[in-house]
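This report concerns only the one structure given below.
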């Protein structure tokens, strides 16, 4: 963890280094992923079986390529009533929030009698990647699958690695709740490649979403254009802007809720109260000692954590914009003026009673959010990621007479005579 | 050009081959682009100057790195009144169409008193790539720059190669009309890399859009994630669905309006009238002979063109969906029932008086559209490509009491105790 003070002489340089610090995949991952994608494209199921044996230590021909929907139902019924209710509450709230994202079609006729518009349609098939092993998150299943269903996607495929053949019952239960149509026991870059190109067993999909390790993220990046993808995902981040009236234990817990994800996660506190900063730092250390995820949180906080002192909270906001964080908490009495200053953030959590983690699970907005400063140009997952827009145009002879000559002039100026002719021939 | 009949025995196989035919970049382009990107990232302006000398045959230090806005105004004033009016008409109609794409913010409070919503904001800076040389298209300037301006982008940068140092006055005039803020005389993969990473001369942008050759497209693909991009663009395509009551000369001109773009372009006609098909084929041959772009059109039509006979036009529509074409003309009296069958197309042109080329220039919808079957999952360029959404959430103690326990249960089930603690600590 580094401590910075925005009024110090060296602050600008130190903060710029923090903004530019890369915590992402290296070239070796890229080369290995290229090789895996090529193998899956060329060899299909044979490559999937080989790579699953290599990375996940089981033989798909023995353990089974698919997971039955009946198994998902059984997993759901095997949960405690409390967990079933929690999953159902989360699914319901996520569905309500995302249903409101469905865009409206347009169909206008202008003063020249020219009809213009746009129609939105869902993709035919979507694939959701769900990590296996340590990072097996049923919440990710809901956050990826429910927007696809809300978009109207007919075929929803889930892939998830099952290391040593073991499945995660919570993930299966979430797949049941979300209404996933097909499940395959494959993971890694090879699973993304299979979804993109298709194999004999797995029919191709149009969009692949969902979190994963560096290999999965790199595979999505490389396959972008062959399929649609949500966004290249990097390590998780939180920025907390908090005044001294917060309980330091609460803010420490918020910082640790990202730090516990991964050693490469990042948690940053901006505060205008030096004594509060000290208390939070102490509370972080004390809480880490009690966490089962303490080792990960320790590494993340030591390597990537930061506490930054500012003269007042508004001073923090342009600095927050430079970080363009995935998650931003504004923990103060009236968060609205600070929120109005935000230009770049994936998701914002307002006030003292809105810990980021409540948004990870049950609030409704998506928890798949742009990382690594990508909130400068990217948005969280939404129904739009599973839909596309077809523009349309309809002219009659008088509409074409009104605007066609300008098209002819421009086409001729661009040296495209067939373009010009296709309009001019109708103007005779 | 191939002729197919959907009722022939071998049709399914032949059509599948047509759908799967790749007309895109190879691995050599990818490797060269990786090298160029690395050079620009590491060496900045030095690499830009070297690569421009190599590819565009001029020295930026002598010819000048930038193009002044005064030069753009002068180019505009140097146009014929007819061309100035055509550019203005196009810009006005494109601005009106795209302004209506601006999404609305959401700010709702639900039955639990939980406030949820989303705010849209423009990216800070956008870069528009404009090809130079043969394919120097002022219409591309308008189609990329105007949506960025409609989104509210403050800094709009244009890059365009100027082979041998020569600028294209039409492109400059279009930059003036569109209100481009900065122009640089660089092109190719090196220009895209400069926009993404920034150099001493060119400050980085957040989104890069615009068409280009295979190198430009590959650079955008590789830099996706470092910046936002519109969509990987491949060769242009048109599918025309036409009955026998069309003038074969009109339909031939429409097919050639794509074929003249590039040898890799593709034009496909579906018709239910074999005699009409013959007439269109003959008209294509006759028109090619009259075109200054005839050699390109000839190559494209011979290599990639197709005429496909169907028993009736509705039979064509599922086949069109498999092609997911960039442009789709429905040339018949009542196009609406056919349009209602379309699931995957970039843009649709309805009726006999709506040639695709009118949409390329002046109608209003964007001409930057998904190619290579990407209309299955991608949309044409819009203001959304220059904006991003920040979700937000605000809970009070009673809202957190209502949904917090479910978040705690899920976080504990996922093995993330700090997530659970950050909620539970506020419920005490």
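Values as computed for the structure displayed
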read-out: Residue list for the stretch A:274-309, filter: in contact with a helix residue (DSSP H, G or I) (Cβ under 7 Å, 6 or more places away or on another chain), away from chain B (no Cβ under 14 Å) and either in a helix (DSSP H, G or I) or surrounded by fewer than 18 Cβ atoms within 10 Å (Cβ to Cβ) (or both); value: A:276, A:279
read-out: Yes/no for residue A:111 being buried (at least 24 other Cβ atoms within 10 Å of the Cβ), within 12 Å of chain B (Cβ to nearest Cβ) and farther than 27 Å from residue A:293 by Cα; value: no
read-out: Output for the stretch B:150-188, where each listed residue is part of a helix (DSSP H, G or I) and under 25 Å from residue B:382 (Cβ atoms); value: B:150, B:151, B:170, B:171, B:173, B:174, B:175, B:176, B:177, B:178
read-out: Residues of the stretch A:242-260 satisfying the condition of being surrounded by fewer than 24 Cβ atoms within 10 Å (Cβ to Cβ) and facing another protein chain (nearest Cβ under 10 Å); value: A:247, A:249, A:250
read-out: Index of the failed condition, residue A:245 passing every other in (1) closer than 26 Å to residue A:299 by Cα; (2) touching a residue at least 60 places away in the same chain (Cβ under 8 Å); (3) not assigned by TED's automatic domain parsing to the domain that holds residue A:32; value: (1)
read-out: Odd one out for residue A:101, checked against (1) in a loop (DSSP other than H, G, I, E, B); (2) modelled with pLDDT under 95; value: (2)
read-out: Single match in A:383, A:320, A:358 (criterion: in the same structural domain as residue A:248 (by TED's automatic domain parsing) and within 22 Å of residue A:99 (Cβ to Cβ)); value: A:358
read-out: Qualifying residue in the stretch B:230-241 (condition: within 8 Å of chain A (Cβ to nearest Cβ), over 29 Å from residue B:336 (Cα atoms), over 15 Å from the mean Cα position of the chain (by Cα) and part of a loop (DSSP other than H, G, I, E, B)); value: no
read-out: In the stretch A:253-267, the residues that are within 23 Å of residue A:353 (Cβ to Cβ) and assigned to a loop (DSSP other than H, G, I, E, B); value: A:260, A:261
read-out: Strands (runs of 3 or more DSSP E) within the stretch A:324-428 that include 3 or more residues facing chain B (nearest Cβ under 7 Å); value: A:347-350, A:387-394
read-out: Answer residue from the stretch B:202-223, given it is at pLDDT below 90 and not in a helix (DSSP H, G or I) and is surrounded by the fewest Cβ atoms within 10 Å (Cβ to Cβ) among those; value: B:213
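The values are calculated or read from the model by the stated rules, or taken from the named source; none is laboratory data. All values reported here derive from a predicted model rather than from experimental measurement. Don't worry about glycine lacking a Cβ; one is built from the backbone with ideal geometry, like all the others, and counts go over all protein chains shown.
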